[in-house]
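This report refers to the structure that appears directly beneath it.
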Amino acid sequence: MPVSSSNSVKIKSVSPVLVIDALKKWISELRLNNKNLISAGYFGSYAKGNYAPGSDIDILLILTNSKHDRFFDRSPEFYPESFPIGMDIFVYTVDEISQMFEYGNGWIKQVFNSTIWIFQYPDIINI
């Protein structure tokens, strides 16, 4: 039988409305400062609605091009100074997304099927 380890620990979570509002504001600011940003959305537990206290939000940013050749070198320049919860940012170029679809990458197909787009270039979904 489980035994409580502490009566003083309380788990607090951030309102999902506050998280999505903060996300929309942050992405609006990104669009103003980065003309290469053509699509942005979120996926994972927040998109599916099965988030829990401590969940982060998964962000997909799609650029026309990037000064960084490797995708994992791109995300640090996009992280906001503050945000209500943790986030993982995945930054790809249109060409990289196209290649992943062409090669049958299951991960990107799953991400695209579950992403809630904050904004998107009209043809990005037809890659």
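The values are calculated or read from the model by the stated rules, or taken from the named source; none is laboratory data. Quick caveat: nothing in here was measured; it's all calculated off a predicted structure. Using ideal geometry, Cβ is built from the backbone for each residue, glycine included, and neighbour counts are taken over all protein chains shown.
Filter the stretch 61-79 for residues that are touching a residue at least 24 places away in the same chain (Cβ under 8 Å) and either out of contact with any Ser or Thr (no Cβ under 6 Å at 6 or more places or on another chain) or assigned to a helix (DSSP H, G or I) (or both); which is nearest to Ser114 (Cα to Cα)?
Filtering the stretch 61-79 for residues that are touching a residue at least 24 places away in the same chain (Cβ under 8 Å) and either out of contact with any Ser or Thr (no Cβ under 6 Å at 6 or more places or on another chain) or assigned to a helix (DSSP H, G or I) (or both), the one nearest to Ser114 (Cα to Cα) comes out as Leu61.
Of (1) assigned to a helix (DSSP H, G or I); (2) free of Cβ contacts under 8 Å to residues at least 60 places away in the same chain; (3) touching a strand residue (DSSP E or B) at 6+ places or on another chain (Cβ under 7 Å), Val111 satisfies all except one. Which? That leaves (2) as the condition not met. When residues in the stretch 80-94 are screened for being surrounded by 12 or more Cβ atoms within 10 Å (Cβ to Cβ) and either among the β-branched types (Val, Ile, Thr) or free of Cβ contacts under 8 Å to residues at least 12 places away in the same chain (or both), 5 of them pass.
A quick yes/no check of all residues on (1) aliphatic (A, V, I, L, M); (2) under 22 Å from Asp21 (Cβ atoms); (3) modelled with pLDDT under 95:
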| position | (1), (2), (3) |
| --- | --- |
| Leu63 | yes, no, no |
| Lys67 | no, no, yes |
| Phe71 | no, no, yes |
| Arg74 | no, no, yes |
| Asp88 | no, yes, no |
| Tyr92 | no, no, no |
| Gln99 | no, no, no |
| Tyr103 | no, no, no |
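Among the residues making up the stretch 67-79, those that are within 18 Å of Lys35 (Cβ to Cβ) and either surrounded by fewer than 18 Cβ atoms within 10 Å (Cβ to Cβ) or of a type in the set (A, V, I, L, M, F, W, C) (or both) are Lys67, His68, Glu77, Phe78. Of the set (1) surrounded by fewer than 16 Cβ atoms within 10 Å (Cβ to Cβ); (2) under 17 Å from Asp21 (Cα atoms); (3) of a type in the set (S, T, N, Q), all apply to Ser55 but (1). Among the residues making up the stretch 45-60, those that are more than 21 Å from Ser98 (Cα to Cα) and outside any helix (DSSP H, G or I) are Gly49, Asn50, Tyr51, Ala52, Pro53, Gly54, Ser55, Asp56, Ile57. Right, Trp117: in contact (Cβ under 8 Å) with a residue 24 or more places away in the chain, assigned to a helix (DSSP H, G or I), aromatic (Phe, Trp, Tyr) and surrounded by 15 or more Cβ atoms within 10 Å (Cβ to Cβ) or not? No: the conditions fail for Trp117. Please go through the stretch 95-108 and give me each residue that is outside any loop (DSSP other than H, G, I, E, B), surrounded by fewer than 15 Cβ atoms within 10 Å (Cβ to Cβ) and of a type outside the set (Asp, Glu), ordered by number. Within the stretch 95-108, Ser98, Gln99, Phe101, Gly106, Trp107 qualify.
When only residues in the stretch 10-27 that are of a type in the set (Gly, Ala, Ser) and at pLDDT below 95 count, which is nearest to the chain's Cα centre (by Cα)?
First, the residues of the stretch 10-27 that are of a type in the set (Gly, Ala, Ser): 13, 15, 22.
With the extra rule that they be at pLDDT below 95, the set shrinks to 13, 15.
Values: Ser13: 19, Ser15: 17 Å.
For the stretch 10-27, the residue satisfying everything is Ser15.
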